[in-house]
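Novice: To start, I am sharing the structure in question, which I have written as structure tokens.
Nothing in this text is a laboratory measurement; each read-out follows from the coordinates by a stated rule. If you're wondering where the values come from, they're calculated on a predicted model, not measured in any experiment. Here the Cβ is made from the backbone with ideal geometry for all residues, glycine too, and neighbour counts use every protein chain on show.
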Amino acid sequence: MKKMNLMMKSLLVFTALFMVGCNNDDGIVCPEALTGELTAAETEFSGQWVFSGLVAEDALDITDDKTDNPDKDLYAQYSDCQRDLLYTFMANRGYEFKQGHTAAADCDGKQSVMGTWSLTDKVLTYVSGCSTQTVEIELNDEKDAFTYKALVNIREVNGLIRNTKVTFTFEKIQG
């Protein structure tokens, strides 16, 4: 369960990084939902994107398999539930992030986040609730996969917390 919580915190960087919270009691104004017609690039980008890879700059061992086997490929060390991440970018500028809902019905800690989105050049922006997040993505030449990098803390199976740069990969579901 600790590994699942740490994984969720790491993966939700995409949903929580650069968040600006607000409290109406403090007079802070929440960001407006993103609106307007999609650009041609956004229309091409819209659709469902499934989590397909997570590679760390450093070799880490996050599996409790009684074997010391650090690896840079963190995705290979994740369970089906931990890999079960899906983004849906809709033509009405809405988006939904779901974790634990599609691949395995018995996943603990299911999460769902909804909001609005935009893509300008390489900057993907999300507005959800009272927060805004931006992340720089890299689309491949075929425009059917994107990656982004983040600096995260990951707890190894031995309890050590390592700060490392990771690259998340999402692939577009065709159809």
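Novice: With all distinct Cα pairs included, what does the Kirkwood hydrodynamic radius of segment 83-175 come out to in Å, to one decimal, could you say?
Specialist: Result for segment 83-175 stands at 15.2 Å.
Novice: Which whole-Hz couplings ³J(HN,Hα) result when phi for each residue of segment 125-142 is put into the Karplus expression 6.51 cos²θ - 1.76 cosθ + 1.60, θ = phi - 60°, listed in order with x for Gly and Pro?
Specialist: Coupling constants for segment 125-142: 10, 10, 10, 8, x, 10, 8, 10, 9, 10, 8, 8, 10, 10, 8, 6, 4, 7 Hz.
Novice: Straight-line reach only, C-alpha to C-alpha below 13 angstrom: list the aspartates and glutamates that LYS165 could link to, leaving out same-chain residues fewer than 8 apart.
Specialist: Excluding near neighbours in sequence, the set is GLU57, ASP58, ASP73.
Novice: Grab the other residues whose beta carbon is less than 13 angstrom from that of PHE51, score K and R as +1, D and E as -1, and report the net.
Specialist: That works out to 0.
Novice: How long, wide and thick is segment 46-117, going by the Cα atoms along their three principal axes, in whole angstroms, largest first?
Specialist: 47, 29, 14
Novice: Counting only residues 5 or more places away or on other chains, whose amide H sits under 5 Å from the amide H of THR132 once H atoms are built in the peptide plane?
Specialist: Hits under the 5 Å cutoff: VAL20.
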